[in-house]
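Below you'll find the structure, written out as C-alpha cells, and then a few comments.
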Amino acid sequence: MFGDAGESPSRHELLSMVKKHSNLIGKTVVDEQDASDVEMDQKFWHDVLNLYFIGGRELKDQQDDDLLFFVKKVSLHGYGFNDNLEGDSPYFVRRWAPKLDDLVGESSVIVDWRRSLYLNLIAHTSYSVTVAICSQQSLQNHQSSQGTPLSPIYKIVKTVYASPTRVNFHLDSRKEVETKPAYPDICFAVDDFDSTFDAVVLTDTDHCYCVLLNAVGGAAFPSEKSSHDSSSSESLGPKHNVDARQANKKLTLFSGFVSYQMVREAYDAGKSGFGSLLPFGNSPGKTDRIYMKGPGGRGEVEVAVSGVVDQSLDESGPHSPVHISEGGSKIGAMVRKAASVAQVAAKNAYAAASSTQNQDGRMVPLKCCLMSISLPWEHIAYDLLFKGGAPVNL
C-alpha cells in the first residue's frame, strides 16, 4: 500500500489515500459497516501519520511548527482509557523526533491514529483571516451575481494558527488569558486582537461586519511532485489529484457577515437579541464579548465590541499617564502626538456617524475586534480534503 521497499509515497499520494478512506468524516452517526476495512485500520493511519509528519520532516519548510498532536481514544466515559497516561485532556502533544514509536512511547495504546492524522493535517496547514467592513448594497450585489466583485470599505488580513486549545481573553484585563482544551473544536485565536483591529469601526447603519477564514498553504496543499520522488505521484492519474487548489493554495473555510443593526442591538441589550444567529454573553466593563454563529450554525466567531467615545467634548485633550522627566521632552512630544492622532481618529469616527441616525436617534460607532474563530475539526478536515469551488475574495 505504501510502495515498494525503500520507496516512500509522496505527500500528494498519501493525501490521495487519506481522501479515498475518509468516508466517515462529517457523519453525525457512524455505522462501521459504511467504512472500509482500511478506514477502521489504526495501523494504516499510524503509518500515514508517520510518513506524512515524521518521515517527511526533512522535506518540510524549516519554519513549520514541530509540535505533533495525538488524540486519545474515546472510552465509554469520555476521553482516555487510562487517565494515568497523559492526564485527562482529549489529546497530548509531543515535539518532533525521528521515530514516531519512540516519540509516543507507552502512550501509543491510547492514541486514536485516525483522528490524530486529521488533527495534525489541520494544525500544520497555514491560515489567514480577513476582517472587513462592507456596505449592505455591495453584499447584495455580490450575492445576486457571483461575478460582481465585492469591494470592502476597509479590510485587514491577519495570519492565524489552528489549535485544539481555546484561549479565553479577560476583557477587563487583557494581559490575562486562560487556556483550556477546545477539541473537538479547533480555535483560531488572535492574541493581539485589540491592536490589530483597532481601526475596524462600524460608522454607518449601512455597514456590515464581515469575517473570512481561508486555508492558504501548508500540509493540506502538498505538491504533486516531491524532491525524493519526482514521478511516483503521476502514476495516480488526474482523477486522484488533490485538485486545482494546489495552484492557488487558497480555500475558504468560513465566511459570514452581520449588519451594524444586529451588532448594535446586542451591544445595547446585553442579552441575546439574535435568536440562533448571534447568541452572545456580556463581560464586565465597557467592552462586550459577542459570540456570532456562522451561516447554518456552523462555527462560532468571538468578537469584542465597544462603542467609540466622542472625545470632542474634552477640550483639554486626553491626559497622558506617562510621567515625563526633564530629559524626556522628545518622548513627551511623541506621546502628545500619538494622543492627538487617537483623538482625531475618534472625532472622525463620530463625524462620519453623525450623518446617519438609528431608530433611537443615536448612531454609535462600534469598534469590532475579532478575538477567535472556532470550528469543529470534522468540518475543517472535510473542507481541506474535498471542498471545491473558488475561494471567497475580499
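The values are calculated or read from the model by the stated rules, or taken from the named source; none is laboratory data. Predicted model, so just to flag it, every value in this text is computed and none were measured. Note that each Cβ is placed from the backbone with ideal geometry, even for glycine, and that neighbours are counted across all protein chains shown.
For the range 56-67, indicate whether the set of residues that are modelled with pLDDT of 95 or more and in a helix (DSSP H, G or I) is non-empty.
No.
Take the residues in the range 100-144 that are part of a helix (DSSP H, G or I) and hydroxyl-bearing (Ser, Thr, Tyr), then tell me which one is nearest to residue 263 (Cα to Cα).
138
Does the range 149-170 include one or more residues that are part of a helix (DSSP H, G or I), in contact (Cβ under 8 Å) with a residue 60 or more places away in the chain and not hydroxyl-bearing (Ser, Thr, Tyr)?
no
Among the listed residues 118, 91, which satisfies the condition of being of a type in the set (Phe, Trp, Tyr), modelled with pLDDT of 90 or more and out of contact with any strand residue (DSSP E or B) (no Cβ under 7 Å at 6 or more places or on another chain)?
Of 118, 91, the one residue that is of a type in the set (Phe, Trp, Tyr), modelled with pLDDT of 90 or more and out of contact with any strand residue (DSSP E or B) (no Cβ under 7 Å at 6 or more places or on another chain) is 118.
Quick one: would you say residue 247 is at pLDDT 50 or above, assigned to a helix (DSSP H, G or I), exposed (fewer than 15 other Cβ atoms within 10 Å of the Cβ) and small (Gly, Ala, Ser)?
yes
If a residue has to be of a type outside the set (S, T, N, Q), closer than 29 Å to residue 249 by Cα and surrounded by fewer than 14 Cβ atoms within 10 Å (Cβ to Cβ) to count, how many in the range 95-146 make the cut?
Number of matching residues: 2.
Residues in the range 177-196: is at least one farther than 30 Å from residue 47 by Cβ, part of a loop (DSSP other than H, G, I, E, B) and of a type outside the set (Val, Ile, Thr)?
Yes: one or more hits.
For the range 151-167, state whether one or more residues are charged (D, E, K, R) and exposed (fewer than 15 other Cβ atoms within 10 Å of the Cβ).
No, there is no match, as no residue in the range 151-167 is charged (D, E, K, R) and exposed (fewer than 15 other Cβ atoms within 10 Å of the Cβ).
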